[in-house]
Amino acid sequence: MITVDNITVRFGGVVALSGVSAEFTAPVAGIIGPNGAGKTTLMNVVSGFVQAAEGRIVHDGTDLLRLSPHRRARWGLRRSFQKEEVADDLTAHENVLVQTDHARGAGRGEEAGRLLELVGLADRAHVLGRELTGFERRLVDVARCMAGNPRLVMFDEPAGGLSMEETKRLGALLRDIHAQTGAQTLLIDHDVELIAEVCEEVLVLDFGKRIAFGPTDAVLADPKVKAAYLGTEEV
Ligand SMILES: Nc1ncnc2c1ncn2[C@@H]1O[C@H](COP(=O)(O)OP(=O)(O)OP(=O)(O)O)[C@@H](O)[C@H]1O
Ligand SMILES: [Mg+2]
């Protein structure tokens, strides 16, 4: 379980997050909301890029905000960005191997191989990052996030630029992360269909405030969410 406890973030005069709280208990949880709602800022607080003025992020008794970003990675925090972070001059296998540094013990190469197979890239393992398609790079990114005993994995709009078919495959993988690694997964995306398919619970932000949180079906049916999220009734 990951507890977001009363998080407030200010950038000068802008209040990007205002006393946001939520207890994520589902294996995969979503964060949605209009542009500028504070979704990425919340992930930045969890990963340590942004400092909260107030609040705590607690996972099974550990306050993540007390750990340096480096120690958060060792602890098991993984993050993927809108633009995947795949090194052009490393192979797919090497890109995953880098992340297994956090793992204890031997078998890192095997782990990287197993994860690439899991995401469907076994036959592309020795291809350089720059030779991979956009979707393959995204898959490498997913494999990387699953390496080295993760406890919490966060994705910020991972489906951007993917086709419907690719988005479906990505969604199935995101759903599988918990079963494969035991890690909880947080997903930001504007694709509400994807969110509905992979997330059991959802937090909705608008102008830095929580406007809804709970089981996905209930949240997406909430008139407040429909009104705020798209400004229409068509969520
Ligand atoms: N480093 C920063 N400095 C100043 N303001 C920032 C910074 N990062 C974010 N903001 C502001 O904080 C607010 C929340 O931004 P954030 O990027 O978290 O939104 P978002 O929900 O991820 O939006 P999007 O869907 O467009 O990605 C916005 O008003 C944004 O301009
Ligand atoms: Mg964002």
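What follows is calculated from the coordinates using simple rules that are stated; it is not laboratory data. All values reported here derive from a predicted model rather than from experimental measurement. Note that each Cβ is placed from the backbone with ideal geometry, even for glycine, and that neighbours are counted across all protein chains shown.
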Once Glu23 and Phe207 are pulled to full extension, the length gained, defined as 0.36 nm per residue separation minus their Cα-Cα distance, is 64.3 nm
Multiplying the sequence separation of Ala179 and Trp75 by 0.36 nm and subtracting their Cα-Cα distance, what value in nm do you get? 35.6 nm
Full extension from Arg56 to Lys224: what is 0.36 nm times the residue separation minus their Cα-Cα distance, to one decimal in nm? 57.8 nm
Taking each full run of DSSP H in the chain as one helix, which ones are at least 20 Å long along their axis (Cα atoms) and have mean Kyte-Doolittle hydropathy of at least -1.0? 164-181
Spin-label proximity, Ser163 to the range 109-133 - amide N less than 20 Å from point 7 Å beyond Cα toward beta carbon: 119-124, 131-133
Counting only Cα, what are the radius of gyration and maximum Cα-Cα distance Dmax of the chain, in Å? 17.5, 53
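Kirkwood-based Rg over Rh for the range 170-235 (C-alpha set), two decimals? Intermediate results must be reported in sequence, preceding the final value.
On the way: Rg = 12.6 Å, Rh = 12.6 Å.
Looking at the range 170-235, the ratio lands at 1.00.
Looking at the range 1-87, I'd like the Rg to Rh ratio, where Rg is from alpha-carbon atoms and Rh is Kirkwood's inverse mean 1/r. All intermediate terms of the calculation are to be shown ahead of the outcome.
Numbers: Rg = 13.0 Å, Rh = 13.7 Å.
Rg/Rh: 0.95.
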I'd like the projected area of the range 97-235, averaged over all directions, using the convex hull of its alpha carbons. Report it in nm² with one decimal. 9.4 nm²
Which one of His93, His59, His126 has the biggest mean-square fluctuation once the chain is modelled by GNM with Cα springs under 10 Å? His126
